[in-house]
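Worksheet: the structure to be examined is printed underneath.
The values are calculated or read from the model by the stated rules, or taken from the named source; none is laboratory data. Nothing here was measured: the structure is a model prediction, and the numbers come from that model. Quick reminder, even Gly has a Cβ in these numbers, built from the backbone with ideal geometry, and neighbours come from all protein chains shown.
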Amino acid sequence: MQVDGVGLKAISVALPNSVVTNTEMNDIHPEWRMDLVESKTGVSQRHIAGQGETALDLAETACRKLLSANEGLSERIDGIIFCTQTPDYIMPPNACLLHDKLELGDGVMAFDTSLACSGYVYSLVIAQGLIATGMCTNILVVTADTYSKLINPGDRSAQCLFGDGAAATWMASCHDAGVLDAICETSGSDYRNFFIPAGGMRQPSTLKNRDEVVDASGSRRSPNDIHMNGMGVLSFANTKVPHQIRRLLERNALSVDDIDLVVFHQASKLALDSLTRLLGFSERQAFRNLVTVGNTVSASIPIALSQAILEGRARPGDLVLLCGFGVGLSWATMLVRL
């Protein structure tokens, strides 16, 4: 059975209760000059998962919100795509653990995708394909990350930027709206711009590789922590993302002015300012919310889109452009009619 179209039916969000402000960070690290940091990141506070609180816990909260708001949906879910880089275990996948927590039936396809900032769009593309070909009918696309657990407390470049969060998106067939087109791309040769050197099978975490190194900017990291080349990622985004978006618009006979709302991955103020300027989007078109939640990795786009819908910035019938970019390095853009 094939369907006419596949759309985003609903989104629910979950954020940790704990909030860390720039003032609190400045009290701990007065040398960080958080006023200057905020002018570049655009982040004034971020939600941070508590000890023992995982991406799975946040995802469960988001999913329960979504299921409770849509009566009877839990009995119809036949697919879970869980996008995270902070799973509870090496195995089994978080999707299977979430399936258990939600007490769903056996007839559910459930798997994880290990992507980050581009992961939401990638996961929507996968869900669209599964539904369009009749493999599934109602899919939970779950994006959740707790990057705070991967960041060295002494790493200013990452500690000030990232927050934790989760979102659950219900994808199903539709007739008058839905996903119009998408492009997903990869530059694997640039993976070292954003990675964790140790902890996997290539370089297991041992006592020998836990030593910390301080870089030229004063940030402290060990091989078990996130290593992010911020300027390298920004340069990649400025080069690759505009070209991809222009191609997607061109092959759908659209211009920037035809887009009602654009939701970029909430990478940083520098990245959003640059992409908005390079592509010619207006402030009215380009939604951002990183000031209060920070960069929430795989969950950043759906968290922002959900807020835009709640604030009336995105309405049924609007043409929305979603774009994620980061770890991989990878980038993906999608056109969606709400």
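Within the option set 53, 75, being at pLDDT 95 or above, closer than 20 Å to residue 303 by Cβ and not aliphatic (A, V, I, L, M) holds for one residue only, 53. Residues that are touching an Asp or Glu at 6+ places or on another chain (Cβ under 8 Å) and surrounded by 17 or more Cβ atoms within 10 Å (Cβ to Cβ) do occur in region 181-201. Under the condition of being surrounded by fewer than 16 Cβ atoms within 10 Å (Cβ to Cβ) and over 30 Å from residue 337 (Cβ atoms), the residues counted in region 221-254 number 4.
Taking region 114-129 as the range and being in contact with a helix residue (DSSP H, G or I) (Cβ under 6 Å, 6 or more places away or on another chain) and either surrounded by fewer than 24 Cβ atoms within 10 Å (Cβ to Cβ) or farther than 19 Å from residue 262 by Cβ (or both) as the test, the residues that pass are 115, 116.
Have a look at 288, 284 and point out the one that is over 22 Å from residue 39 (Cβ atoms), not in a helix (DSSP H, G or I) and not assigned by TED's automatic domain parsing to the domain that holds residue 117.
Just one listed residue meets the conditions, 284.
Among the residues of region 1-37, those that are among the charged types (D, E, K, R) and either in a loop (DSSP other than H, G, I, E, B) or touching a residue at least 40 places away in the same chain (Cβ under 8 Å) (or both) comprise 4, 9, 31, 33. Would it be correct to say that residue 190 is touching a Lys or Arg at 6+ places or on another chain (Cβ under 9 Å), of a type in the set (D, E, K, R) and in contact (Cβ under 8 Å) with a residue 40 or more places away in the chain? The answer is no for residue 190. Of all residues in region 305-323, none are within 28 Å of residue 226 (Cβ to Cβ), in contact with an Asp or Glu (Cβ under 9 Å, 6 or more places away or on another chain) and charged (D, E, K, R). Pairing each residue of region 72-95 that is farther than 19 Å from residue 148 by Cα with any residue that is among the hydroxyl-bearing types (Ser, Thr, Tyr), provided the two are 6+ apart or on different chains, yields C-beta distances under 6 Å for 78/137; 81/123. Here are some conditions: (1) surrounded by fewer than 18 Cβ atoms within 10 Å (Cβ to Cβ); (2) under 19 Å from residue 119 (Cβ atoms); (3) of a type in the set (A, V, I, L, M, F, W, C). Residue 170 meets all but one. Which one does it not meet? Here residue 170 clears every test but (1).
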